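S.K.: Got a structure for you, written out below as structure tokens; questions coming shortly.
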Amino acid sequence: MNVLSQLKNGAKFSSSANILFTNCTNAKSDDNDGYLYSSFFYVNSHFYSRSCLCSVEPQNLTHVLEFLLLGFSDDPELQPLTCSLFLSMYLVTVIGNLLIILAVSSDSHLHTPMYIFLSILSLSDIGFTTTTVPKVIWDIQTHNRVMSHTGCLIQLSFFNLFGCLDSVLLSMMAYDRFVAVCYPLHYPVIMNPRLCRLLILVSFLTSLLDSQLHCLIMSQLIFCTNVEIPHFFCDPPQLLKLSCNDTSTNKIFMYFIGAIFGGIPVSGVLCSYIRIVSSILRLPSTGGKYKAFSTCGSHLFVVCLFYGTGLGVYLSSTISHSPTKTAVASVMYAVVAPMLNPFIYSLRNRDIKKALQRLLNRTALS
């Protein structure tokens, strides 16, 4: 059956993509039992192809399912601006975080727990941004926003992996600042290399577990005709809304996982800074208070930026029902926050600035 015949039978085009949706009823025969199913067509001026989304056995369809990432706008005039903006932010993020990693690794004075955690945080920020931004740039350049079900799960897994790693590392860094401020004389004994390696290993394993649990929950979802994701990446809340089956159990598991893997790091940060602030307030001199606070000022700024933007996205998605506004708000924590972290640490930290200066001088001489 050609496209014109499908249109005569009541099929319709999606308003935001070249997709033709149609309902088909199979007559009862020896091969099938008269099931109602839906299918869609990708249509352009040159060719069209057909792929069934919901048929007799929907549990097997996730292997061939494809999603359509709607992004921010379909306006052709805005596409070059969006592409340039994302490309520039991505390059700044990668270059800035790589400079932090190189500065820490090349300077022996920075081989301390605080800066080792910082270098791993920079590596995590690069991975966090790389899971989403290159796909956005590629989609704009190729005018193809389709993502396979497998690709969506892979992106979701890495996004949660690096996002959770950021959160856990910020908690570990808060503990490091707590020991440095509250127990300065015992700092080298408490934050020994063995404990640092253990904390880094726990951070990676915890993030990997969180990532795989999210992937497992999302892989159980069944999708029908609605394959349009009003976002620039595979966002779990959007996938839950698109699912055909009952997602109440999945939502409960998602909230439980979020409370465990998100609540514990946040609680660790809060407890550490409550103790830090109480210790600083007990110092007799103003100069001592300023010096103690300056040791954790950059980290506190990054903590506020990361959790503040994440909470802002959650609140915006709850209050506002506009998918576009939610997608724009997600740019803040998925792209902007990782881009600003190197500037926050380098501009407020004299050790980092000196290490970067030595690194640049060494590079210029060579």
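S.K.: Which pairs in the list K291/K354; K289/K325; K325/K354; K251/K325 are over 30 Å apart, alpha-carbon to alpha-carbon?
M.R.: Long pairs (Cα-Cα over 30 Å): K289/K325; K325/K354.
S.K.: Please report how far the C-alpha centroid of segment 58-132 lies from that of segment 321-366, rounded to the nearest whole angstrom.
M.R.: 11 Å
S.K.: Ok, one more. Averaged across orientations, what area in nm² does the convex hull of the alpha carbons in segment 127-237 project?
M.R.: Taking a quarter of the hull surface, the average projection is 8.9 nm².
S.K.: Right, another one. Please report, in Å, the Rg and the Dmax of segment 237-325, where both are computed over Cα atoms only.
M.R.: Spelled out, the Cα radius of gyration and Dmax of segment 237-325 are 19.1, 63 Å.
S.K.: Multiply the residue separation of D74 and H111 by 0.36 nm, subtract the distance between their alpha-carbon atoms, and state the gained length in nm to one decimal.
M.R.: 8.5 nm
S.K.: If you average the C-alpha positions of segment 174-202 and of segment 260-305 separately, how far apart do those two centres end up, in angstrom?
M.R.: Computed from Cα coordinates, the inter-centre distance equals 15 Å.
S.K.: Another question, then. Quick query: amide H of S148 versus all other amide H atoms, modeled in the peptide plane; which residues come in under 5 Å with a sequence gap of 5 or more or a different chain?
M.R.: Residues meeting the amide H criterion: F67.
S.K.: Still on this structure, please answer the following. When the chain is fully extended, how far beyond the present Cα-Cα distance does H143 get from R358, taking 0.36 nm per residue of separation?
M.R.: Result for the pair: 73.0 nm of gain on full extension.
S.K.: While we're here: In nm, to one decimal, how far is the modelled label at C182 from the one at K291, with both set 7 Å along Cα→Cβ?
M.R.: 2.1 nm
Bear in mind that the values in this text are calculations on the coordinates, not laboratory data. None of the values given here were measured: they were computed from a predicted structure. Note that each Cβ is placed from the backbone with ideal geometry, even for glycine, and that neighbours are counted across all protein chains shown.
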